[in-house]
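Chemist: Dumping the structure here so I can ask a few things about it.
Each reported figure results from applying straightforward, stated rules to the coordinates on display, with no laboratory input. Predicted, not measured: the structure shown is a model, and the values here were computed from it. Here Cβ is always computed from backbone atoms with ideal geometry, including for glycine, and neighbour counts include all displayed protein chains.
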Amino acid sequence: MKQVDHWKCNTAPLCIDGFASDPVGWFSGHCVQGQKALFLAHADDGVIWGRQEDNLLTTSSRLFQHYKPSPPLRANTLQNARLFCETEEVRVWRSEGGFQACRLTDRLDENADSFDEEQILWGTRIEDVDREHGFTLVADGRQRFRHGVPLNIPPACFGDKQGYRPLRLILRHYLTYSKDGCARVYLSRLVGLRWNPLDGQKGDMRK
């Protein structure tokens, strides 16, 4: 059974001017103030991870050049992108009329209900590590599907079980209720990323 928390999410639109010409610069200018944050984007040609620190966004596109696991962050191929932490998310998505953007911010509200969910991500082994930037390149399957996640993942967390996937993406779902009391999720956002070792203990989490 899911643990119910009491987070309410406020949504505010953001100006998208300048995004198409410089997506990285736009996100750096709309960073999560005073906090470290993670970045995840889906494009036509792949997945892009990143991390924001000191108002600078570092993406996996710049790292692991030998493997090239991520495409460049470009507006013409981007579907959606999120800069997120425990308290808020900056979201950009493509619509028929161009890009739109908003900031989602959490606040406690005893009259609101929410719950967190962990989603298992690809990655059964480590192929490379960038300790300077704190990224780990993980691979999965015979085709070696790769992505460079912004976590320092210890090799031991994969354990001895072949095919175990320790990476978890943390989502928060916000509930609303119908007149007859039926609950439904009306909004969801990303809040963190963690690894869970094979023994089931909670691992390091980046929010």
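Chemist: Please work out if Arg51 is under 20 Å from Ala20 (Cβ atoms), within 19 Å of the chain's Cα centre (by Cα) and of a type in the set (D, E, K, R). Spell out how you get there, then give the answer.
Modeler: Values: under 20 Å from Ala20 (Cβ atoms): no; within 19 Å of the chain's Cα centre (by Cα): yes; of a type in the set (D, E, K, R): yes.
So Arg51 does not fit the description; no.
Chemist: I'm checking my understanding of the structure. Among residues of the stretch 77-93 that are more than 29 Å from Arg144 (Cβ to Cβ) and not hydroxyl-bearing (Ser, Thr, Tyr), which one is surrounded by the fewest Cβ atoms within 10 Å (Cβ to Cβ)?
Modeler: Here is the first cut: in the stretch 77-93, the ones more than 29 Å from Arg144 (Cβ to Cβ) are 85-93.
Retained after the next criterion (residues that are not hydroxyl-bearing (Ser, Thr, Tyr)): 85-86, 88-93.
Values: Cys85: 19, Glu86: 16, Glu88: 21, Glu89: 24, Val90: 23, Arg91: 19, Val92: 23, Trp93: 14.
Among residues in the stretch 77-93 that are more than 29 Å from Arg144 (Cβ to Cβ) and not hydroxyl-bearing (Ser, Thr, Tyr), the one surrounded by the fewest Cβ atoms within 10 Å (Cβ to Cβ) is Trp93.
Chemist: Please specify each residue of the stretch 17-36 satisfying the condition of being surrounded by 14 or more Cβ atoms within 10 Å (Cβ to Cβ) and out of contact with any Asp or Glu (no Cβ under 8 Å at 6 or more places or on another chain). Full working, then the answer.
Modeler: Our first condition is that a residue be surrounded by 14 or more Cβ atoms within 10 Å (Cβ to Cβ); within the stretch 17-36, this holds for 19-20, 23-24, 26-28, 30-32, 36.
Passing the criteria: Phe19, Ala20, Pro23, Val24, Trp26, Phe27, Ser28, His30, Cys31.
Chemist: Run Gly46 past the list (1) buried (at least 20 other Cβ atoms within 10 Å of the Cβ); (2) at positive phi and report the number of the one that doesn't hold.
Modeler: Only one criterion is unmet by Gly46, namely (1).
Chemist: Look through the stretch 8-47, keep the residues that are in a loop (DSSP other than H, G, I, E, B) and of a type in the set (Val, Ile, Thr), and return whichever of them is farthest from Ala112 (Cα to Cα).
Modeler: Taking the stretch 8-47 first, the residues in a loop (DSSP other than H, G, I, E, B) are 14-22, 30-36, 44-45.
Of the ones still in play, those that are also of a type in the set (Val, Ile, Thr) are 16, 32.
Values: Ile16: 30, Val32: 23 Å.
Filtering the stretch 8-47 for residues that are in a loop (DSSP other than H, G, I, E, B) and of a type in the set (Val, Ile, Thr), the one farthest from Ala112 (Cα to Cα) comes out as Ile16.
Chemist: Now for a separate question. Considering each of Arg51, Arg103, Arg82 in turn, give the residue that is among the charged types (D, E, K, R) and touching a Gly at 6+ places or on another chain (Cβ under 8 Å). Break it down into steps so the answer makes sense when it comes.
Modeler: Values: Arg103 fails: touching a Gly at 6+ places or on another chain (Cβ under 8 Å); Arg82 fails: touching a Gly at 6+ places or on another chain (Cβ under 8 Å).
That would be Arg51, the only listed residue that is among the charged types (D, E, K, R) and touching a Gly at 6+ places or on another chain (Cβ under 8 Å).
Chemist: Taking the stated definitions as given, is Thr77 more than 30 Å from Thr176 (Cβ to Cβ), touching a Lys or Arg at 6+ places or on another chain (Cβ under 8 Å) and not small (Gly, Ala, Ser)? Reasoning before the result, please.
Modeler: Numbers: more than 30 Å from Thr176 (Cβ to Cβ): yes; touching a Lys or Arg at 6+ places or on another chain (Cβ under 8 Å): no; not small (Gly, Ala, Ser): yes.
The answer is no for Thr77.
Chemist: Picking from Asp160, Asp113, Asp130, Asp106, which residue would you name as being charged (D, E, K, R) and within 16 Å of Trp49 (Cα to Cα)?
Modeler: Asp130
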